[in-house]
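As C-alpha coordinates, the structure follows; a few thoughts come after it.
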Amino acid sequence: MMMKAVDILNASILIVDDQESNVMLLELLLAEAGYTRVSSTMDSQEVCALHRKNHYDLILLDLQLPVMDGFQVMEALKTNLDDPYLPVIVLTAQPGHKLRALQAGAKDFISKPFDLIEVKTRIHNVLEVRLLYKRLAASNVDLELMIQERTAELRESEARFRSLTELAADWYWEQDESGRFTKVSGPVLEMLGIQVESLVDSDTLNNFAGHKLSSVKRAGYENTGWNTEERAALLAKIAARQPFLDALLSRVNSDGSKHTFRVSGQPMFNQHSCFIGYRGIGAEILEVI
(Lines give C-alpha, C1' and ligand atoms only; values in the text may rest on other atoms or scores of the structure.)
Protein backbone atom coordinates (compact mmCIF):
# COMPACT_ATOMS: atom_id res chain seq x y z
CA MET A 1 0.00 0.00 0.00
CA MET A 2 1.64 3.21 -1.22
CA MET A 3 0.69 6.80 -0.53
CA LYS A 4 -0.07 9.11 -3.43
CA ALA A 5 2.32 12.03 -3.94
CA VAL A 6 -0.54 14.52 -3.57
CA ASP A 7 -1.43 13.10 -0.13
CA ILE A 8 2.14 13.55 1.07
CA LEU A 9 2.38 17.10 -0.31
CA ASN A 10 -0.92 17.99 1.41
CA ALA A 11 0.31 16.77 4.80
CA SER A 12 0.38 19.32 7.61
CA ILE A 13 3.85 20.28 8.87
CA LEU A 14 4.95 22.42 11.82
CA ILE A 15 8.46 23.91 11.96
CA VAL A 16 9.77 24.62 15.48
CA ASP A 17 13.02 26.61 15.63
CA ASP A 18 14.06 29.71 17.55
CA GLN A 19 16.26 30.90 14.67
CA GLU A 20 14.20 32.86 12.14
CA SER A 21 16.70 32.17 9.37
CA ASN A 22 16.28 28.40 9.84
CA VAL A 23 12.50 28.74 9.80
CA MET A 24 12.57 30.78 6.59
CA LEU A 25 14.96 28.35 4.92
CA LEU A 26 12.81 25.32 5.73
CA GLU A 27 9.62 27.11 4.67
CA LEU A 28 11.21 28.02 1.33
CA LEU A 29 12.58 24.51 0.81
CA LEU A 30 9.21 22.87 1.57
CA ALA A 31 7.32 25.32 -0.65
CA GLU A 32 9.65 24.60 -3.55
CA ALA A 33 9.14 20.86 -3.00
CA GLY A 34 5.37 21.35 -3.33
CA TYR A 35 4.23 21.11 0.30
CA THR A 36 1.10 23.21 0.77
CA ARG A 37 0.35 23.14 4.51
CA VAL A 38 3.40 24.41 6.36
CA SER A 39 3.31 26.53 9.52
CA SER A 40 5.91 27.51 12.11
CA THR A 41 6.54 28.73 15.62
CA MET A 42 9.61 30.00 17.43
CA ASP A 43 8.06 29.38 20.87
CA SER A 44 8.60 25.84 22.12
CA GLN A 45 5.91 26.25 24.77
CA GLU A 46 3.25 26.56 22.06
CA VAL A 47 3.99 23.24 20.37
CA CYS A 48 1.72 20.94 22.39
CA ALA A 49 -1.27 23.27 22.20
CA LEU A 50 -0.76 23.76 18.47
CA HIS A 51 -0.51 20.01 17.89
CA ARG A 52 -3.67 19.29 19.90
CA LYS A 53 -5.49 21.87 17.81
CA ASN A 54 -4.10 21.05 14.36
CA HIS A 55 -3.00 17.38 14.58
CA TYR A 56 0.14 17.85 12.52
CA ASP A 57 1.36 15.01 10.34
CA LEU A 58 4.94 16.04 11.01
CA ILE A 59 6.79 18.33 13.43
CA LEU A 60 10.30 19.50 12.50
CA LEU A 61 11.70 20.15 15.97
CA ASP A 62 14.94 21.94 16.81
CA LEU A 63 16.58 20.47 19.93
CA GLN A 64 18.39 23.65 21.05
CA LEU A 65 15.44 25.77 22.19
CA PRO A 66 15.08 28.23 25.07
CA VAL A 67 12.72 27.56 28.04
CA MET A 68 11.75 24.07 26.79
CA ASP A 69 14.34 22.22 24.74
CA GLY A 70 13.39 19.68 22.09
CA PHE A 71 13.63 16.73 24.47
CA GLN A 72 11.19 18.35 26.88
CA VAL A 73 8.82 19.14 24.03
CA MET A 74 8.84 15.50 22.93
CA GLU A 75 8.06 14.31 26.45
CA ALA A 76 5.16 16.76 26.59
CA LEU A 77 3.87 15.59 23.21
CA LYS A 78 3.76 12.00 24.50
CA THR A 79 0.98 12.99 26.90
CA ASN A 80 -1.38 13.44 23.93
CA LEU A 81 -3.47 10.28 24.37
CA ASP A 82 -5.46 10.98 21.21
CA ASP A 83 -2.41 10.25 19.08
CA PRO A 84 0.16 7.77 20.45
CA TYR A 85 2.34 8.22 17.34
CA LEU A 86 5.05 10.87 17.84
CA PRO A 87 5.43 12.56 14.41
CA VAL A 88 8.77 14.28 15.07
CA ILE A 89 11.95 14.80 13.07
CA VAL A 90 14.57 16.54 15.19
CA LEU A 91 16.89 19.24 13.86
CA THR A 92 20.32 19.19 15.46
CA ALA A 93 23.92 20.15 14.92
CA GLN A 94 25.09 17.89 17.78
CA PRO A 95 25.99 14.34 16.60
CA GLY A 96 25.64 13.06 20.16
CA HIS A 97 22.01 14.18 20.30
CA LYS A 98 20.89 12.05 17.35
CA LEU A 99 20.83 8.70 19.16
CA ARG A 100 19.32 10.26 22.29
CA ALA A 101 16.56 11.84 20.19
CA LEU A 102 15.71 8.54 18.51
CA GLN A 103 15.61 6.84 21.90
CA ALA A 104 13.25 9.59 23.10
CA GLY A 105 10.80 8.71 20.33
CA ALA A 106 11.78 10.89 17.37
CA LYS A 107 11.19 9.18 14.04
CA ASP A 108 14.28 10.61 12.35
CA PHE A 109 16.78 13.46 12.46
CA ILE A 110 18.09 16.15 10.10
CA SER A 111 21.61 17.43 10.59
CA LYS A 112 22.54 21.10 10.67
CA PRO A 113 23.66 22.79 8.53
CA PHE A 114 20.93 21.54 6.22
CA ASP A 115 21.62 19.38 3.21
CA LEU A 116 18.68 20.07 0.88
CA ILE A 117 18.55 16.56 -0.58
CA GLU A 118 18.71 15.01 2.90
CA VAL A 119 15.96 17.31 4.19
CA LYS A 120 13.57 16.47 1.34
CA THR A 121 14.26 12.73 1.50
CA ARG A 122 13.86 12.33 5.26
CA ILE A 123 10.70 14.47 5.37
CA HIS A 124 9.14 12.52 2.50
CA ASN A 125 9.98 9.14 4.03
CA VAL A 126 8.68 9.97 7.51
CA LEU A 127 5.51 11.53 6.12
CA GLU A 128 4.82 8.44 4.03
CA VAL A 129 5.07 6.22 7.11
CA ARG A 130 3.01 8.66 9.17
CA LEU A 131 0.17 8.79 6.65
CA LEU A 132 0.18 5.01 6.27
CA TYR A 133 -0.09 4.75 10.06
CA LYS A 134 -3.07 7.12 10.06
CA ARG A 135 -4.74 5.18 7.25
CA LEU A 136 -4.30 1.93 9.18
CA ALA A 137 -5.74 3.51 12.33
CA ALA A 138 -8.74 4.79 10.36
CA SER A 139 -9.24 1.34 8.84
CA ASN A 140 -9.20 -0.22 12.31
CA VAL A 141 -11.84 2.25 13.48
CA ASP A 142 -13.99 1.45 10.44
CA LEU A 143 -13.55 -2.27 11.10
CA GLU A 144 -14.52 -1.85 14.75
CA LEU A 145 -17.65 0.09 13.75
CA MET A 146 -18.55 -2.58 11.21
CA ILE A 147 -18.12 -5.30 13.86
CA GLN A 148 -20.35 -3.36 16.27
CA GLU A 149 -23.01 -2.96 13.59
CA ARG A 150 -22.90 -6.64 12.67
CA THR A 151 -23.06 -7.62 16.34
CA ALA A 152 -26.10 -5.42 16.85
CA GLU A 153 -27.74 -6.98 13.78
CA LEU A 154 -27.03 -10.48 15.08
CA ARG A 155 -28.49 -9.63 18.48
CA GLU A 156 -31.58 -8.21 16.84
CA SER A 157 -31.90 -11.31 14.68
CA GLU A 158 -31.45 -13.50 17.74
CA ALA A 159 -34.17 -11.57 19.57
CA ARG A 160 -36.54 -12.01 16.63
CA PHE A 161 -35.70 -15.70 16.46
CA ARG A 162 -36.45 -16.19 20.14
CA SER A 163 -39.65 -14.21 19.90
CA LEU A 164 -40.87 -16.28 16.96
CA THR A 165 -39.93 -19.60 18.56
CA GLU A 166 -41.63 -18.61 21.78
CA LEU A 167 -44.79 -17.81 19.84
CA ALA A 168 -44.57 -20.97 17.76
CA ALA A 169 -44.13 -23.40 20.65
CA ASP A 170 -45.19 -23.97 24.24
CA TRP A 171 -41.68 -23.22 25.44
CA TYR A 172 -38.20 -22.22 24.30
CA TRP A 173 -35.07 -23.40 26.08
CA GLU A 174 -31.30 -23.12 26.08
CA GLN A 175 -28.72 -25.23 27.88
CA ASP A 176 -25.01 -24.66 28.42
CA GLU A 177 -22.27 -27.19 27.68
CA SER A 178 -22.85 -28.83 31.07
CA GLY A 179 -26.53 -29.39 30.40
CA ARG A 180 -27.77 -26.67 32.75
CA PHE A 181 -30.65 -24.54 31.55
CA THR A 182 -29.64 -20.93 30.93
CA LYS A 183 -32.98 -19.85 29.49
CA VAL A 184 -36.44 -21.37 29.72
CA SER A 185 -39.57 -19.55 28.64
CA GLY A 186 -43.11 -20.78 28.32
CA PRO A 187 -45.63 -22.64 30.47
CA VAL A 188 -43.99 -26.07 30.39
CA LEU A 189 -42.43 -25.68 33.84
CA GLU A 190 -45.80 -24.81 35.29
CA MET A 191 -47.24 -27.85 33.49
CA LEU A 192 -44.64 -30.01 35.19
CA GLY A 193 -45.07 -28.31 38.57
CA ILE A 194 -41.66 -26.61 38.47
CA GLN A 195 -41.14 -22.88 38.92
CA VAL A 196 -38.12 -20.92 37.74
CA GLU A 197 -36.90 -18.42 40.31
CA SER A 198 -33.47 -17.34 39.07
CA LEU A 199 -30.63 -18.66 36.97
CA VAL A 200 -28.02 -18.64 39.73
CA ASP A 201 -27.48 -19.71 43.34
CA SER A 202 -30.32 -22.26 43.54
CA ASP A 203 -30.54 -26.00 44.20
CA THR A 204 -30.50 -28.25 41.16
CA LEU A 205 -32.66 -31.20 40.26
CA ASN A 206 -33.07 -33.54 37.32
CA ASN A 207 -35.17 -32.25 34.47
CA PHE A 208 -37.40 -34.26 32.19
CA ALA A 209 -34.42 -35.19 29.95
CA GLY A 210 -32.27 -36.43 32.80
CA HIS A 211 -29.93 -33.37 32.89
CA LYS A 212 -29.40 -30.85 35.66
CA LEU A 213 -31.77 -27.90 35.63
CA SER A 214 -30.29 -25.10 37.71
CA SER A 215 -32.30 -22.42 39.45
CA VAL A 216 -35.55 -24.32 39.90
CA LYS A 217 -37.49 -25.63 42.86
CA ARG A 218 -40.01 -28.36 43.33
CA ALA A 219 -43.66 -27.39 43.57
CA GLY A 220 -45.36 -30.70 44.31
CA TYR A 221 -43.74 -32.53 41.39
CA GLU A 222 -41.66 -35.69 41.60
CA ASN A 223 -39.52 -36.69 38.63
CA THR A 224 -41.03 -40.15 38.14
CA GLY A 225 -43.03 -41.94 35.49
CA TRP A 226 -40.97 -40.97 32.47
CA ASN A 227 -40.63 -43.37 29.58
CA THR A 228 -37.06 -44.62 30.02
CA GLU A 229 -36.58 -45.68 26.40
CA GLU A 230 -37.60 -42.26 25.07
CA ARG A 231 -35.32 -40.53 27.57
CA ALA A 232 -32.39 -42.82 26.72
CA ALA A 233 -32.78 -42.15 23.00
CA LEU A 234 -32.84 -38.39 23.55
CA LEU A 235 -29.87 -38.50 25.91
CA ALA A 236 -27.87 -40.44 23.33
CA LYS A 237 -28.44 -37.71 20.75
CA ILE A 238 -27.49 -35.00 23.21
CA ALA A 239 -24.35 -36.89 24.26
CA ALA A 240 -23.40 -37.15 20.56
CA ARG A 241 -24.20 -33.44 20.10
CA GLN A 242 -26.67 -34.20 17.34
CA PRO A 243 -29.77 -32.19 16.45
CA PHE A 244 -33.11 -33.80 17.16
CA LEU A 245 -36.54 -33.04 15.73
CA ASP A 246 -39.89 -33.77 17.36
CA ALA A 247 -38.46 -36.20 19.89
CA LEU A 248 -41.22 -37.62 22.09
CA LEU A 249 -41.04 -37.65 25.88
CA SER A 250 -43.93 -39.01 27.89
CA ARG A 251 -44.64 -39.69 31.52
CA VAL A 252 -47.43 -41.25 33.52
CA ASN A 253 -48.62 -39.19 36.46
CA SER A 254 -49.40 -40.62 39.87
CA ASP A 255 -53.12 -40.37 39.13
CA GLY A 256 -52.74 -42.47 36.00
CA SER A 257 -52.98 -39.58 33.54
CA LYS A 258 -50.37 -39.23 30.82
CA HIS A 259 -48.41 -36.23 29.55
CA THR A 260 -46.63 -36.37 26.19
CA PHE A 261 -44.21 -33.71 24.97
CA ARG A 262 -42.59 -33.07 21.58
CA VAL A 263 -39.08 -31.57 21.82
CA SER A 264 -36.72 -30.29 19.10
CA GLY A 265 -33.21 -29.00 19.63
CA GLN A 266 -29.88 -28.29 18.00
CA PRO A 267 -26.34 -27.98 19.38
CA MET A 268 -24.70 -24.55 19.52
CA PHE A 269 -21.06 -23.85 18.71
CA ASN A 270 -19.03 -20.66 19.07
CA GLN A 271 -16.81 -19.06 16.43
CA HIS A 272 -14.01 -21.47 17.37
CA SER A 273 -16.27 -24.50 16.73
CA CYS A 274 -16.39 -25.29 20.45
CA PHE A 275 -19.62 -26.81 21.75
CA ILE A 276 -21.45 -24.39 24.06
CA GLY A 277 -24.81 -26.08 24.58
CA TYR A 278 -28.22 -26.67 23.06
CA ARG A 279 -31.22 -24.57 22.14
CA GLY A 280 -34.65 -25.76 21.17
CA ILE A 281 -38.41 -25.62 21.40
CA GLY A 282 -41.06 -27.92 22.82
CA ALA A 283 -44.78 -28.38 23.09
CA GLU A 284 -47.22 -30.57 24.96
CA ILE A 285 -49.20 -32.95 22.75
CA LEU A 286 -52.84 -32.73 23.73
CA GLU A 287 -55.00 -35.79 23.25
CA VAL A 288 -58.05 -35.20 21.10
CA ILE A 289 -61.17 -36.51 22.82
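The values are calculated or read from the model by the stated rules, or taken from the named source; none is laboratory data. None of these values were measured; they are calculated from a predicted model. For neighbour counting, all protein chains shown are included, and Cβ atoms are generated from backbone atoms with ideal geometry for every residue, glycine included.
Would you call G105 small (G, A, S), in contact with a strand residue (DSSP E or B) (Cβ under 6 Å, 6 or more places away or on another chain), assigned by TED's automatic domain parsing to the domain that holds Y133 and touching a residue at least 12 places away in the same chain (Cβ under 8 Å)? Considered against the rule, which asks whether it is small (G, A, S), in contact with a strand residue (DSSP E or B) (Cβ under 6 Å, 6 or more places away or on another chain), assigned by TED's automatic domain parsing to the domain that holds Y133 and touching a residue at least 12 places away in the same chain (Cβ under 8 Å), G105 comes out as no. Candidates in region 36-60 are the residues that are of a type in the set (A, V, I, L, M, F, W, C) and more than 36 Å from the chain's Cα centre (by Cα); of these, the one that is nearest to D17 (Cα to Cα) is M42.
Applying a threshold of 7 Å to beta carbon distances and a minimum spacing of six or more residues, or different chains, the list of pairs starting in region 155-183 at a residue that is of a type in the set (S, T, Y) and ending at one that is modelled with pLDDT under 75 reads Y172/R162; Y172/T165; Y172/E166; Y172/S185; Y172/G186; T182/L199. Checking F114, F71 one by one, the residue that is touching a residue at least 60 places away in the same chain (Cβ under 8 Å) and not aliphatic (A, V, I, L, M) is F114 and no other. Any residue that is of a type in the set (S, T, Y) and touching a strand residue (DSSP E or B) at 6+ places or on another chain (Cβ under 8 Å) - is there at least one of those in region 48-57? Yes - at least one qualifying residue is present in region 48-57. Going by what's in this entry, would Q94 be described as assigned by TED's automatic domain parsing to the domain that holds D18, of a type in the set (S, T, N, Q) and touching a helix residue (DSSP H, G or I) at 6+ places or on another chain (Cβ under 8 Å)? For Q94, the condition - assigned by TED's automatic domain parsing to the domain that holds D18, of a type in the set (S, T, N, Q) and touching a helix residue (DSSP H, G or I) at 6+ places or on another chain (Cβ under 8 Å) - is not met. Within region 77-125, track down each residue that is of a type in the set (V, I, T) and in contact with an Asp or Glu (Cβ under 6 Å, 6 or more places away or on another chain). Across region 77-125, the qualifying residue is only I89. Of the strands (runs of 3 or more DSSP E) lying entirely inside region 236-288, those containing at least 3 residues that are without any contact (Cβ under 8 Å) to a residue 24 or more places away in the chain, in the same structural domain as K183 (by TED's automatic domain parsing) and under 19 Å from W173 (Cα atoms) span 244-252, 258-269.
Scanning region 97-131 for residues that are out of contact with any helix residue (DSSP H, G or I) (no Cβ under 9 Å at 6 or more places or on another chain), surrounded by 14 or more Cβ atoms within 10 Å (Cβ to Cβ) and among the polar types (S, T, N, Q) turns up just one, N125.
Just to be sure before I move on: is A93 surrounded by 18 or more Cβ atoms within 10 Å (Cβ to Cβ), small (G, A, S) and under 22 Å from E75 (Cα atoms) in the structure I sent? So A93 fails the test. Taking G105 and the conditions (1) more than 29 Å from the chain's Cα centre (by Cα); (2) on the phi > 0 side of the Ramachandran plot, which numbered condition does it fall short on, given that it satisfies the others? G105 satisfies all of (1) more than 29 Å from the chain's Cα centre (by Cα); (2) on the phi > 0 side of the Ramachandran plot except (1).
Checked against (1) of a type outside the set (G, A, S); (2) touching a His at 6+ places or on another chain (Cβ under 9 Å); (3) in a helix (DSSP H, G or I), E27 meets all criteria but (2). Filtering region 100-117 to residues that are over 21 Å from E128 (Cβ atoms) and modelled with pLDDT under 90 leaves K112, P113. Scanning region 51-67 for residues that are in contact (Cβ under 8 Å) with a residue 12 or more places away in the chain, more than 19 Å from L99 (Cβ to Cβ) and surrounded by fewer than 18 Cβ atoms within 10 Å (Cβ to Cβ) yields R52, N54, H55, P66, V67.
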